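Report on the structure given below.
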Amino acid sequence: MKQNEHIAKLSSGYLFPEIAKRRRAFASAHPDARIISLGIGNTTEPLTPHICTAMAQYAQALGTKSGYSGYGDDSAGVMELRDKIAQVLYNGAVSAGEVYISDGAKCDVGRIQQLFGSGVTAVVQDPAYPVYVDGSVMTGAAGGARVDGSGYEGVVYMPCTAENQFFPSDLSVIPENALIYFCSPNNPTGAVASKAQLAALVAAARAKKSVIIFDAAYAAYIRDPSLPRSIFEIDGARECAIEINSFSKPIGFTGVRLGWTVVPKELTYEDGSSVARSWERLTNTIFNGASNIAQQGGLASLSAEGQKETRALTDYYLANARRIREALSQSNFSAAGVEVYGGDNAPYVWVRFPGRKSWDIFDRLLCECHVVCTPGAGFGPAGESYIRFSAFGHQEDVAEACGRLARFSV
Ligand code: PGU
């Protein structure tokens with residue numbers, strides 16, 4: 001049996017297991033070090049009571065004749081949840097039938113890549129969530145070998161750095177027949193695109209007959225009311241965009257697993273056929289629906305009580321982000337020219353160390369502060385010299401990590 005040639009093109013392991021490996025190596029050499037992880041964006045706080053109770057009650061009922069249920073009628077999820085998402089999170093800008101429940105945004109990125117196949121070009125913000133590029137390489141959508149420090153051949157990288165306020169300066173690089181991955185609030189930079197910026201993106205995609213895969217996994221962290229939470233707030237997006245989203249970060253479902261994808265009815269292939277129809281064909285074939293227990297939790301989160309809990313939980317992580325920002329703005333950092341971005345409408349703080357390598361800073365923070373971050377270079381060539389801090393952590397751990405950062409000599 002030969003290895004899938006596309007998977008063979010991937011030059012290194014997936015970013016987060018690589019980081020975990022380095023952490024483990026350090027921990028085994030320094031068993032007394034109390035390492036604090038502000039690396040992977042993994043939620044740490046308990047499920048909230050209303051949501052947790054709804055799932056527990058549903059799970060109990062599954063143990064009765066009347067409360068038991070098996071597979072759903074199709075893989076798209078329970079209609080009540082689809083409807084509630086359309087109403088509560090999109091104010092009716094999308095319909096229940098356009099909302100497809102999933103086991104998480106990451107899984108749906110993979111299925112979307114399979115949907116469009118190898119004939120498309122991947123366009124990404126640089127830096128970007130690694131799944132967009134790695135997954136594209138695996139499906140053969142992104143050409144060739146990895147060019148060290150400049151990414152993969154065949155992927156179009158749109159640099160998003162402090163110089164352009166983390167929005168691509170030149171959307172004309174988008175080719176025809178492309179899948180454009182766009183994440184806002186952004187992982188890793190924490191930047192949120194404005195309505196005008198997203199309108200420009202939609203116009204560019206439509207002009208090039210390309211499709212935007214809009215990842216709104218962190219929408220619940222937006223506090224500035226002028227910032228768009230969905231691509232479907234933009235006129236014309238229904239003709240050119242798919243939105244993926246997740247319950248992981250708003251309500252701590254990273255382990256429970258629940259997300260959704262919106263495929264609007266107006267979205268068609270160049271021959272006029274419906275993208276939603278082939279999405280249904282694909283998902284009904286290779287996906288048997290999200291856990292019914294998880295779906296009840298998602299539903300509970302969209303009640304008035306659930307929304308209150310969601311707000312409190314996301315506020316908790318945003319307070320961590322604020323604290324991390326403050327620590328990194330102290331004189332030991334600012335005197336060395338360190339710049340701090342993000343963290344106000346997103347749970348990530350993105351930090352630039354001019355003239356330094358991000359893996360070097362990662363190693364030094366691990367060795368000297370026993371704090372794990374994520375090296376920016378892992379998110380793409382333009383992430384070099386940056387590191388990402390995740391705000392997902394217990395408040396007391398974040399406070400401890402910030403204390404250690406205050407003693408770090410850049
Ligand atoms: N989309 C974005 C932009 C993400 O950052 C993440 C998680 C996901 C989707 C995943 O959503 P699920 O619904 O839970 O599948 N990013 C984290 C975790 C790492 C990972 O590999 O997913 C991070 O640290 O970047």
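Looking across the stretch 202-215, the residues that are on the phi < 0 side of the Ramachandran plot and either surrounded by fewer than 24 Cβ atoms within 10 Å (Cβ to Cβ) or away from the ligand (no atom under 16 Å from the Cβ) (or both) come down to 202, 203, 204, 205, 206, 207, 208, 210, 211.
Quick one: would you say residue 224 is free of Cβ contacts under 8 Å to residues at least 60 places away in the same chain and not in a helix (DSSP H, G or I)? So residue 224 does not fit the description; no. For the subset of the stretch 92-122 comprising residues that are within 16 Å of the ligand (Cβ to nearest atom) and in a strand (DSSP E or B), which member is surrounded by the fewest Cβ atoms within 10 Å (Cβ to Cβ)? Filtering first and then ranking leaves 99. Restricting the stretch 293-309 to residues that are closer than 12 Å to residue 52 by Cβ, of a type in the set (Gly, Ala, Ser) and over 20 Å from the mean Cα position of the chain (by Cα), the residue that is surrounded by the fewest Cβ atoms within 10 Å (Cβ to Cβ) is 306. The set of residues from the stretch 23-35 being in contact (Cβ under 8 Å) with a residue 60 or more places away in the chain and assigned to a helix (DSSP H, G or I) comprises 23, 26. For the stretch 361-410, the tally of residues that are of a type outside the set (A, V, I, L, M), part of a loop (DSSP other than H, G, I, E, B) and surrounded by 23 or more Cβ atoms within 10 Å (Cβ to Cβ) stands at 4. Suppose we keep only residues that are in a helix (DSSP H, G or I) and within 14 Å of the ligand (Cβ to nearest atom) within the stretch 5-22. Which one would you say is surrounded by the fewest Cβ atoms within 10 Å (Cβ to Cβ)? In this case the residue turns out to be 17. Do we find a residue being away from the ligand (no atom under 16 Å from the Cβ) and either of a type in the set (Asp, Glu) or crowded, with 20+ Cβ neighbours inside 10 Å (or both) anywhere in the stretch 57-72? No, that holds for no residue.
Checked against (1) more than 22 Å from residue 230 (Cα to Cα); (2) touching a strand residue (DSSP E or B) at 6+ places or on another chain (Cβ under 6 Å); (3) of a type in the set (A, V, I, L, M), residue 263 meets all criteria but (1). Counting only residues that are surrounded by 15 or more Cβ atoms within 10 Å (Cβ to Cβ) and either outside any helix (DSSP H, G or I) or at pLDDT below 95 (or both), the stretch 145-188 holds 26 of them. Restricting attention to the stretch 254-273 and to residues that are surrounded by fewer than 15 Cβ atoms within 10 Å (Cβ to Cβ) and farther than 17 Å from residue 232 by Cβ, the residue that is nearest to the chain's Cα centre (by Cα) turns out to be 255. Going through the stretch 337-360 one residue at a time, which ones are assigned to a helix (DSSP H, G or I) and surrounded by 19 or more Cβ atoms within 10 Å (Cβ to Cβ)? Result: 358, single match. Scanning the stretch 183-221 for residues that are touching a residue at least 40 places away in the same chain (Cβ under 8 Å) and more than 18 Å from residue 41 (Cβ to Cβ) yields 209, 210, 211, 213. Counting the residues of the stretch 246-277 that are within 16 Å of residue 51 (Cβ to Cβ) and touching a Pro at 6+ places or on another chain (Cβ under 8 Å) gives 2. Kindly indicate whether any position in the stretch 73-91 is away from the ligand (no atom under 16 Å from the Cβ), β-branched (Val, Ile, Thr) and part of a helix (DSSP H, G or I). Yes, the stretch 73-91 contains a residue that is away from the ligand (no atom under 16 Å from the Cβ), β-branched (Val, Ile, Thr) and part of a helix (DSSP H, G or I). Scanning the stretch 239-270 for residues that are at pLDDT 95 or above and away from the ligand (no atom under 16 Å from the Cβ) turns up 239, 240, 263, 264, 265, 266, 267, 268, 269. Whether a residue is surrounded by fewer than 21 Cβ atoms within 10 Å (Cβ to Cβ) and more than 21 Å from residue 111 (Cα to Cα) was assessed, and residue 191 does not pass this test.
The values are calculated or read from the model by the stated rules, or taken from the named source; none is laboratory data. All values reported here derive from a predicted model rather than from experimental measurement. Note that each Cβ is placed from the backbone with ideal geometry, even for glycine, and that neighbours are counted across all protein chains shown.
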